[in-house]
Each structure stands twice: as C-alpha cells, then as structure tokens.
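These notes concern the structure reproduced below.
Values in this text are rule-based calculations from the coordinates and carry no lab data. From a predicted model like this one, the values you see are computed outputs, not experimental measurements. A quick note on method: Cβ atoms are made from the backbone with ideal geometry, for glycine too, and the neighbour counts reach across all protein chains shown.
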Amino acid sequence: MKKVYFDHNATTPVHPEVAKAIMPFLNEKFGNPSSIHWAGREVRAYVEEAREKVANLVNAQHSEIIFTSCGSEGDNMAIKGVLMGNLSKGRHMITTIVEHPAVYRTCKFLEDYGFEVTYIPVDNYGMIDPEDIRRAIRKDTVLISVMYANNETGNIFPIKEIADIAKEHDIIFHTDAVQVVGKIPIDVKELGVDILTASGHKFNAPKGVGFQYIRQGVKVLPLISGGHQERELRAGTENMIGIVAIGEAARIAKEEHQKKEQEIRYLRDKLERYILGNIPETYINGHPERRLYNTSNISFKYIEAEALLVMLDMKGIAVSTGSACSSGATEPSYVLQAMNLDPLCSRGALRISLGYGNTEDEVDYFISVLPEIVEKIRSMSPFYKKK
Amino acid sequence: MKKVCVAMSGGVDSSVAAFLLKEAGYDVFGVFMKLWDDPESKSTCCSLSDSLDALRVSEKLKIPFYVLNFQDEFREYVIEYFIREYKKGNTPNPCINCNLYLKFNFLLNKAQLMGADYLATGHYARIVKEGDEYFLCKGVDGKKDQSYFLFNITRALLSKIIFPLGDYTKEQVRAVAEREGLVTARKKESQEICFIENDYREFLKKHGFREEPGDITDIKGNVIGRHKGYFNYTIGQRGGLNVAKGYPIYVIDIIPEKNIIIADREEYLFKKEFDIKDLNLLDHVREDRSYSVKIRYKHRGERAYIRIVNDKYRISFETAQRAITPGQAAVIYDGDRVVGGGWIERSL
C-alpha cells in the first residue's frame, strides 16, 4: 500500500544527512563530554559545534543555547524556572487558551501551588489581540508565555508586538516556537523574546532532543538539578546523538528555509485549492494569511473527523485531528472550541501538515481518494441528510 | 476480499479472534472501544494498558488498529440504564445492553462506515446459517458460552456478525495465543462489571444514591427490622440484614416505591412464573412445548413453557426456581439455539 505522511506538525522523519551525522556516536565516539581525557574531548567538540549551528539558526549567542530533551521540557523549564526564579517580583503570569498542553498543563499545575494565570482568548480566526495581553498585565506579572505558531491551525501569533509590550513592562517573555523553528527563519534578537523553546523532531532530527534559547541575563532556575552540564541550567550527561542531530538539522534548516517554504507552500496551496473548490461545505480554520505555509486545518462540515482519519489511514494516508487522548481516541479540539466554531464544523476538522519529503504525487493521490471518502461518510451522517 | 472489523478489548479472546480471521483470509482491522474513563477508578476495563495490548497484537498481526471514542454512548446506554434499574429496585445486567447498543449498533455502524462487511467479537457463541436464515447458538465451550449476553441482537444483524471463537474452548484459545506469541496470551480474565472497581454500592453512592433506611418486613407484612437503603440488597441475598429470627432469612423482594425490603424463609424465594418485557425473538416460539430458560448467566437453564398472557410473554417453569430477579434477562433456548429472550419483570 502507498504510504503518505501528511502529519509533520506531529513529528517529522529524520533527514538522511542527520542520520549519517549521528552514526559515529552509535559506534566509536562514546565519550562523556565532561571527561577531561581524549574520549571526552572529542565529543565535547561536537556538542559545542552543534550549539553553534543551533545558535546560528535563531541568531542567538552560542552561550544562550541550552540543550533539552524535548519541547515539553523546554516549556516546563521556561514557566516553572522563571516563576520560581523570580518569586520576589510576583506570582502572576499571562498566557493564551490555545497553548500546547506542555504550557497549558504546566500553568494549571502552578495554579495549584498558589500562582495566578490569566488566559487570553482568541477570535474566530484563532488569533490573539496583543492589546488583550497589555490589559492583563498586573504589578506582579512575572512572565508572558505565548506560542509562536499554533500546532493545530498553524496561526502565527504577533510575537514581536507581544515582546515589545513585555519589555515595556519589564516582564519576561517566553515563546513556545516548537512549530516554527526549522520552518521559517527566526531572529531572536529582532523578535526581542527572552526565552524560546524548540524541539528537534519537528524539524527532521530524531525524538528526544530540543533546545532552549535563554537571553543572557534572564533569570531562570533549572528544572533538573545535578551536574554542571549546560551552564548548570540542565543537569544530566549530554544526549550526544540528539545534540549532534539537532545541530545538523539546524544547519540544514537554515540552508534550506527558502527552498522548503517555496516547495511546501505550493503543495499545501494546491491541496487546499482542490478541496475548497471541489468538495462542498469545506472551510479553512485559522487566519487566512498569518498561517504557517505547511499547515492546513480544514473542516468538512457534517463529518466526524475521526471517521475521515481512519478511512484515510486505510488508504495509507497519515493526517490528524485536533487532539488525541493517551490511548489514541480522538477528543474535541480545545483550540477549535476556543475559536467558537460551529460544532458541526469543529467535529469535522482535519489537520494536514506537510514537510520534508512530501511530493506533488502524494498530494495528487490524496486529492484523488478524498472526495469519495467524504461523500461516503456524509451519506451516512444524519446531519447531512437532514440538510 | 471481505472486510471485517474486530472489536479488540486487549484481552486474549478478541486477540485470538482477530488472528483467526486474518488466518481465514479476511481483510481485518481492529477497533478498541474507549467506553469509560473514570479518573478515580483503577479498574482494568478500557484502561490505557488494555488499548496498548490491543495495539501490540494488531501490529503483530499487521492489521490496522484504531481507538474509537464511545464514552458518550456508553454513559447514556449503559451507565444510566444501570443506575435507573437500581433505582427501580432491579438488578441490571449492563453487559447485555453494552452488547446490544455499543457493539452491535454504534460500533457496527461505524465499522460499516469504515468499509467493513462484518463485525466480529471474541464472544463464545456461534452464528449458524440454515438455508437463508441465521441463528444464534451457544458456543461449544459450555463453561464459557456467552450467548446469554447476546440474546438481544436484532435478528437481521446476525448475518453481519462473526464470532470466530464459537467453536473453540477457552483452553484452545489460550493455546493459539501462546503458539502465535500474542502478548495477551496469559492475561487474566476480566471479571464482573467493567466500570465497577470493587462494590457496585460504592459506585451508586458516587452517582447520587442516598442511603435512605426503611423497613424490612416478612412475607406477611410484619416489620422485622430496618434496612440501610434498598439498593444495598439483591434478591436471594442472605445475611447483612441484621434480623435475628432463629432461622436463616433471605431477601425475597424489593419494593422501591415503599422503600421496603421483604425478607423471609428461603422457601419464599422459589417461584414458577414471571413475565418478561421487550422480548427479542431470534426464532419461532411455540406455546405447545417447553424450552430451556436461563434466568441469569450462571443459571444452568430449566424447562419452561412460554405463553402470551395479557399481551405479555409469561414464562412458566416446570419446577419452581430460586431468586427470579427483576432486571436480569431470561433467555430461551431450544437445545443450543437461542430462541429469544427478554427482561424479567417483578415476579408474580
């Protein structure tokens, strides 16, 4: 069976050049980078080279990059580390209601321990208004955390404007940029963010590695205490394979940003144009322009997206719906709910996210099987019949 | 190639059912039904580890596998029914409704939408085709036969259902699982009611039942003690009544309208006749002959006649039976074949 992977916002395949780069670390290069002897020195050099590549990707200083294990760790570190590290300034933070669970649940956790959180709503396009954030600022606000782009809709939030507001009020600003790093160029200096979280497997490194940009001078406590690794901000012997991989993935991403955007945007637009033009009652969720070029969140009205996902899977096509619980059962998307969509639309929302390796052939295959599946599901939908 | 959806619970039975269908040449896919998610309960049903076991078996068999959410339907058709029945003083059997509504209605519909020609489960029962007609029959493993739980399936659906384990014994099923190296081969049997962790009484209390004490009377209406809320008792139960009579007494009946428990000597538990409602017929039923009727899952089945009295089906046993319990199902058998069944009403 033909296999098509259109779920790059969930995870991405490892780039062949990345796979090649990590091979020595599965074989002869086994040292601990903290060791003084030859085995340690040879791998230490690779850690720092990777750090430099990652720093280059986001225009940070070499010393402002901390390697982590994943995006969730980065989000936890940013939020818990900033709040715990700045208790004398206050116990309040601001975020949005459409954050990834790594942020949202961390906030909920902290609320149980006496911290206060303001959640900023979104409009029907799933966008936030920076002025809402300004209005939510209090004397004791220590942190603002807003994602750079939403994983479900692909919406790109006005991060620079929010960073400016945070700066005016001397509040630390963190952005979860997991869906953005590797997709579009980022300049942390120009954006003015204080902390930025990224995850390797979203841009063709393997799972198990991420990085954190922490602007020089920002006070954060470590989540994992222990040895001296990562400037004492993240203890634990370095994940050599992951670090080398994310460095290489960062290098490739920086070199290929433009080409990748051009290719993927073309495929995404072709796919969207076809669906909107040929399948009735389909709607794009999210902002029409301020959206990641690889992501398409489309509602097929009168359909349960769960059925659509399953039937596409049976044709070898991997896409996703809003959220899934731990066992894999689909659940209503909290992001689309926050956007106040017609439930008949939000239940039929499919997320298609393209990336490295996708071809026009695959898009053609997708649009060749989709209409029939949609028609079949609709023909069995009581809502569609009633119409 | 005919396509089959197998309901996989993460247990050994449905795992082997999926394997046997694959072997038989069907195009198979598995579905785990997410039915119940009680964060306070550690009950094994619908748990994450069960769905992961089902996934591991599916990957081993190289079949597609999906977890589908049926929590709303389960709450409405099984949990609420269960609670309603206890409010009425009945003793419900939620597994039967779960089969009828969740599996052979909601899941079957979804499976058909997903392109399935058949729905299969790991039940120990058989569907036998005679001419153009399909009949529900007992599984060959007498100890495991689950046809009692399936009597309510609409007759027209029998042609769309496969029970691959009908000709197998439990021992054989385990042996197949062992031989094929399925991770579920040695898994323990699930017991009792899946959404109840320990005691159904605790569950009911959590769902709004208040313990309202009331009178315990004997069969003549003399008050002989106090009970702690009628839902704590089941017909046939001995003990827990705190009544000293000099001889053993048993719960004979529960009268929810009056909040009364009737308790007396065991002999009053034996009755011959009762009416059933919502009869589902899977074959013709005749008044001039007797059938074997089971009044609970563990009942071995006794001879009885079936007649229509006042527009209701009345079951008359040849010999009186102990604890005919309203809310349980009465299932009528002609040999191995399920003729039909219905729900036991308050006995006469």
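Numerical summary
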| read-out | value |
| --- | --- |
| Per residue Cα convex hull volume in Å³ - calculated over the range A:1-156 | 187 Å³ |
| Cα lying deepest toward the dipole's positive end in the protein assembly as shown, options B:F74, B:I276, B:I306, charges on Cβ | B:I306 |
| Gyration tensor (alpha-carbon) shape descriptor, chain A, a/c threshold 1.5 | oblate |
| C-alpha center-to-center spacing [the range A:224-245, the range A:247-274] in angstrom | 31 Å |
| Under 23 Å from A:K89, Cα to Cα: lysines that are on another chain or at least 8 residues apart | A:K80, A:K108, A:K139, A:K167, A:K219 |
| For B:L102, net neighbour charge (Lys/Arg +1, Asp/Glu -1) across residues whose Cβ lies under 15 Å away | -1 |
| Packing-based order for A:144-154, B:109-119, B:206-216, using average beta carbon neighbours within 10 Å, highest first | A:144-154, B:109-119, B:206-216 |
| Length released on extending from A:D313 to A:E360, taking residue separation times 0.36 nm less the Cα-Cα span | 15.0 nm |
| Which of A:D170, B:D27 has the fewest Cβ neighbours within 10 Å, and the rest in rising order | A:D170, B:D27 |
| Rounded to the nearest 20 debye, dipole of chain A from Cβ charges on Lys, Arg, Asp, Glu | 280 debye |
| Overall form of the range A:329-371 per C-alpha gyration tensor (a/c, 1.5; a/b vs b/c) | prolate |
| Sparsely packed GluC sites (Glu not before Pro) within the range B:1-109, loop by DSSP, other Cβ within 10 Å at most 14 | B:E40 |
| Charge context of A:I128, other residues only, Cβ under 15 angstrom, K/R +1, D/E -1 | -4 |
| Lys/Arg +1, Asp/Glu -1 at C-beta; chain A dipole; positive extreme among A:I252, A:I137, A:C70 | A:C70 |
| Fewest-first ranking of A:F67, B:F203, using other Cβ atoms within 10 Å as the exposure measure | B:F203, A:F67 |
| B:M8 long-range amide H proximity, modeled H, under 5 Å | B:V31, B:F32, B:M33 |
| Cα-Cα over 25 Å, subset of A:K183/B:K62; A:K260/B:K62; B:K88/B:K272; A:K315/B:K110 | A:K183/B:K62; A:K260/B:K62 |
| Calculated P(r) tail over 16 Å for the range B:1-119, as whole % of Cα pairs | 62 percent |
| Proxy reagent accessibility, fewest Cβ within 10 Å first, across A:M380, B:M8, A:M127 | A:M380, A:M127, B:M8 |
| Residue pairs, from the table A:K29/A:K160; B:K205/B:K258; B:K87/B:K170, whose Cα atoms sit over 30 Å apart | A:K29/A:K160; B:K87/B:K170 |
| Quarter of Cα convex hull surface for the protein assembly as shown, i.e. mean projection, nm² | 39.7 nm² |
| Cβ-placed point charges (K, R +1; D, E -1), dipole of the range A:49-207 about Cα centre in debye, nearest 20 | 300 debye |
| Under Karplus coefficients 6.51, -1.76 and 1.60, residue-wise ³J(HN,Hα) of the range A:21-29 in Hz, glycine/proline x | 5, 8, 3, x, 7, 8, 10, 7, 8 |
| Residue mean of other protein chain beta carbons inside 10 Å, B:113-119 | 3 |
| Karplus-derived 3J(HN,Hα), 6.51/-1.76/1.60, for each residue of the range A:229-236, Hz, glycine and proline x | 4, 6, 6, 6, 9, 7, 6, x |
| Charge dipole (debye, nearest 20) of chain B; +1 at Cβ of Lys and Arg, -1 at Cβ of Asp and Glu | 380 debye |
| 16 Å tail of the calculated P(r), the range A:188-288, as % of Cα pairs | 72 percent |
| Antiparallel bridge percentage (DSSP; both residues within the protein assembly as shown; nearest 5) | 65 percent |
| Mean residue ellipticity (222 nm) of chain A, computed from DSSP H runs ≥ 4 via -39,500 (n - 2.57), nearest 500 | -13000 deg cm²/dmol |
| Residue among B:G240, B:I260, B:G229 farthest towards the positive dipole end of the range B:181-260, charges placed on Cβ | B:G240 |
| The range B:278-317: Cα Rg divided by the 2.2 N^0.38 Å rule of thumb | 1.17 |
| Kirkwood Rh (inverse of mean 1/r, distinct Cα pairs), the range A:257-322, angstrom | 13.1 Å |
| Under the Karplus curve 6.51 cos²θ - 1.76 cosθ + 1.60, θ = phi - 60°, whole-Hz ³J(HN,Hα) for the range A:265-270, x wherever Gly or Pro sits | 4, 4, 5, 4, 5, 4 |
| Residue-count net charge about B:K245 - beta-carbon cut-off 14 Å; Lys, Arg +1, Asp, Glu -1 | -1 |
| Number of partner chain Cβ atoms within 10 Å, mean per residue of B:314-321 | 0 |
| Stokes-Einstein D (µm²/s) once Rh is taken as the Kirkwood radius of chain B over alpha-carbon pairs, at 25 °C in 0.890 mPa s | 114 µm²/s |
| Average partner coverage of B:50-60, which counts Cβ from other chains inside 10 Å | 1 |
